[in-house]
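Reading through the structure tokens given below for one structure.
The values are calculated or read from the model by the stated rules, or taken from the named source; none is laboratory data. In this text, all values refer to a predicted model and were calculated from it rather than measured experimentally. A quick note on method: Cβ atoms are made from the backbone with ideal geometry, for glycine too, and the neighbour counts reach across all protein chains shown.
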Amino acid sequence: MKNFKALKPYLLKHRLGIALVFLCAIISVCCKMAVPFLTGLAIDHIRAGEYEISTLLVIMGCLIAFGMLFRYAFDYILGYIGQCVVNDIRNDVYAKLLRVPVSFIDTHYHGDLLLRLIGDIENVQTGFIAGIGAVFEGVTQILVTLVFMFSLNWILGLVVVLATPLSILVSRFISSHNARYFKQQNACLGELHAFTLETMNNLEAVESYGQQEAWSAHFDEISSRVRKANFKAAFAASWINPGTRLVNNTIYASVILLGSWMLLTPESFSWMHVTFTVGGLSSFLTYSYQYMAPFNEIADAYGEILNASASLKRINEVLTSEDDIDEGTLPLDGKIDYIDTRSIQFGYNKDKIIIDGFDVDIHLGKKIALVGTTGCGKTTIINLLMRFYDPQVGGFFVNDQSICNYPKKAWRSHFGMVLQDTWLAHASIRDNLAFGKEDATMDEIIEAAKKAHAHEFISRLKDGYDTVIGSGTNLSTGEKQLLCVARILLAHPEIVLLDEATSNIDLRTELALSSSFDELMKGKTSIVVAHRLSTIKNADMILVMDKGRIIEKGGFAELLQNNGPFAALYHSQFE
């Protein structure tokens, strides 16, 4: 229950509603519990020959009606509060995922994060909110029932109360051994969601390599572990109810025997000043059953609460994770004329250096190209420049200030980036192109699409610029890349970052795009990561990287003439 603290701020927002829930529960239980008492009075009246019990029946009918009304209000308000709390938590978790460092996303399975955002939050609603509501109602019923039982027969009431700890001990003993099963269950479900999401995102690769059977077998293996974890959790939880029912039924049988004995031999208990009637015994038996029933319901709810506690812990891990560090406070006005790079050292894992001593000056309007073999650190430089990660040593400096001193939002507003992997939202093409410039006019959008040579294929689509991507559009990878290029052309950023931006575009389109890129980069700083070295012939500076170091730099013709690493890399593309 220590995880419940994470839920407290959300519940405090609904203090009035929670108070109404508790009030409705108390009134509903009191109305329900008063009916057996009146029933016992009616039985005693009939047994004494008094058959006029209409008044009692009317009162019982009113109590039942009021009890149903307040029970409905209890369920309605509790359900409303539960959904509000779930909505607040879901919004906070989503907002948190937008604020965490990129490293947090990179080190967690995306499917598992999705499960925390959806499945675990629903578990909190059904477990903590509904479960705790059931617990409170059950506790209220127990307390009210005790009042009626002791008013009828304090001896039998004492017997029931003294036997109660046995039921609680059985429930706690079983529940204390169940928490680990719910933890295993959630962990396995997270792994299953992650693997399924990975499969859906890479289905074409799986099919193209004929790996359907292998991945299906892997899925079966994970699914089997989920099945076993689910069974263990369900089986462990299922022991609570039978265990408590066995104890409660034993108590119920004891009450029947002792109560019957008191009726048959009243003289044996006269010294205790206890009077008992048939109606009283009937009422007491009803109360003893209703007294023990909440323990079963509480036991069932406790299993859900355990599951919700495990889910809430996973949610709290996201909510309490550190936000992306942004200590920048200095204003960043005007253009960035010069970026000074000073001896950068960085590794995603501190024990393994990816960038070692990167040192270069980046001037306004210059085109810098990064080349090298896979894994040499080209894309990492882009990540560091965009401050998705910060170097352990050194850094980028603007106006003699580390870029860490500027707010990330202000710093990134100077950049436009096109990556090798396209990202387009499930929205219209127009909205996707205006993603970086929301106030763009339709004429500006069309002009950017024309420069990116995307207007022609967009016009062929049924709904043109209103076509919703993902709704059967079947755009090719190259066409999606053209849309990304058009998006950056529309945003017209000051510094352009191209990370294999033309890797999925055919050579003819690439040649057509080169003029647009040249126009885009006039007077702007551009940093290009390229594998096809023929695309960077007009670069002002080419940096050849190997194992995180700059091993050669210069112009295209100069590097070819030097016949060094760049020349070897260039000629290898034609072998």
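The test for being over 27 Å from residue 387 (Cα atoms) and either exposed (fewer than 15 other Cβ atoms within 10 Å of the Cβ) or modelled with pLDDT under 80 (or both) does not hold for residue 447. Within the range 348-365, being over 16 Å from residue 544 (Cα atoms) and surrounded by 17 or more Cβ atoms within 10 Å (Cβ to Cβ) holds for one residue alone: 353. Of the candidates 178, 202, 186, 241, the single residue that is within 30 Å of residue 474 (Cα to Cα) and either in contact with a His (Cβ under 8 Å, 6 or more places away or on another chain) or at pLDDT below 80 (or both) is 202.
For every residue, the table says whether it meets (1) under 18 Å from residue 525 (Cα atoms); (2) in contact with a helix residue (DSSP H, G or I) (Cβ under 8 Å, 6 or more places away or on another chain); (3) without any contact (Cβ under 8 Å) to a residue 40 or more places away in the chain; (4) crowded, with 18+ Cβ neighbours inside 10 Å.
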| position | (1), (2), (3), (4) |
| --- | --- |
| 378 | yes, no, no, yes |
| 391 | no, yes, no, yes |
| 394 | no, no, no, yes |
| 406 | no, no, no, yes |
| 411 | yes, yes, no, yes |
| 414 | yes, no, no, no |
| 422 | no, yes, no, yes |
| 429 | no, yes, no, yes |
| 433 | no, yes, no, yes |
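Listed by position, the strands (runs of 3 or more DSSP E) contained in the range 522-573 that have at least 2 residues being at pLDDT below 85, in contact with a Cys (Cβ under 9 Å, 6 or more places away or on another chain) and surrounded by fewer than 14 Cβ atoms within 10 Å (Cβ to Cβ) form an empty set. Taking the numbered list (1) out of contact with any helix residue (DSSP H, G or I) (no Cβ under 8 Å at 6 or more places or on another chain); (2) within 30 Å of residue 17 (Cβ to Cβ) in turn, residue 124 passes all entries but (1). Here residue 44 fits the description: surrounded by 15 or more Cβ atoms within 10 Å (Cβ to Cβ), acidic (Asp, Glu) and more than 30 Å from residue 326 (Cα to Cα). Within the range 361-384, the residues that satisfy the criterion of being touching a Leu at 6+ places or on another chain (Cβ under 9 Å) and over 13 Å from residue 540 (Cα atoms) are 371, 372, 373, 376, 377, 378, 379, 381, 382. Of all residues in the range 295-340, those that are outside any loop (DSSP other than H, G, I, E, B), over 18 Å from residue 187 (Cα atoms) and among the polar types (S, T, N, Q) total 1. On the stretch given as the range 88-117, residues that are among the basic types (Lys, Arg) and not in a helix (DSSP H, G or I) total 0. Counting only helices (runs of 4 or more DSSP H) that sit completely within the range 372-437, those holding 1 or more residues that are of a type in the set (S, T, N, Q) and either over 30 Å from the mean Cα position of the chain (by Cα) or closer than 24 Å to residue 326 by Cβ (or both) correspond to 378-385. Going through (1) under 52 Å from the mean Cα position of the chain (by Cα); (2) among the β-branched types (Val, Ile, Thr); (3) modelled with pLDDT under 80 one by one, residue 286 falls short only on (3). Return a yes/no flag: does the range 9-29 have any residue that is at pLDDT below 85, over 31 Å from the mean Cα position of the chain (by Cα), surrounded by 13 or more Cβ atoms within 10 Å (Cβ to Cβ) and closer than 27 Å to residue 277 by Cα. No, the range 9-29 contains no residue that is at pLDDT below 85, over 31 Å from the mean Cα position of the chain (by Cα), surrounded by 13 or more Cβ atoms within 10 Å (Cβ to Cβ) and closer than 27 Å to residue 277 by Cα. Is it true that some residue in the range 340-355 is farther than 29 Å from residue 555 by Cβ and among the small types (Gly, Ala, Ser)? Looking for residues that are farther than 29 Å from residue 555 by Cβ and among the small types (Gly, Ala, Ser), one finds at least one in the range 340-355, hence yes.
Exactly one residue among 19, 25, 42, 6 is more than 27 Å from residue 288 (Cα to Cα) and touching a residue at least 40 places away in the same chain (Cβ under 8 Å), and that residue is 6.
When you check residue 448 against the structure, is it in the same structural domain as residue 548 (by TED's automatic domain parsing) and assigned to a helix (DSSP H, G or I), yes or no? Taking the combined requirement at face value, the residue satisfies it.
Go through 120, 75 for me and flag whichever is of a type outside the set (Val, Ile, Thr), closer than 17 Å to residue 313 by Cα and assigned to a helix (DSSP H, G or I).
Only one candidate passes the filter, namely 120.
A single entry from 512, 486 fulfils the requirement of being at pLDDT below 80, over 30 Å from residue 375 (Cβ atoms) and among the hydrophobic types (A, V, I, L, M, F, W, C): 512.
Only residues that are surrounded by fewer than 16 Cβ atoms within 10 Å (Cβ to Cβ), within 30 Å of residue 14 (Cβ to Cβ) and free of Cβ contacts under 8 Å to residues at least 40 places away in the same chain were counted in the range 83-119, giving 6.
Here residue 284 passes the criteria (1) in contact (Cβ under 8 Å) with a residue 60 or more places away in the chain; (2) surrounded by fewer than 19 Cβ atoms within 10 Å (Cβ to Cβ) except the one numbered (2).
Taken together, the residues in the range 145-158 that are buried (at least 20 other Cβ atoms within 10 Å of the Cβ) and either at pLDDT 85 or above or farther than 17 Å from residue 283 by Cβ (or both) amount to 2.
Got at least one residue in the range 61-76 being under 16 Å from the mean Cα position of the chain (by Cα) and among the β-branched types (Val, Ile, Thr)? Looking for residues that are under 16 Å from the mean Cα position of the chain (by Cα) and among the β-branched types (Val, Ile, Thr), one finds none in the range 61-76, hence no.
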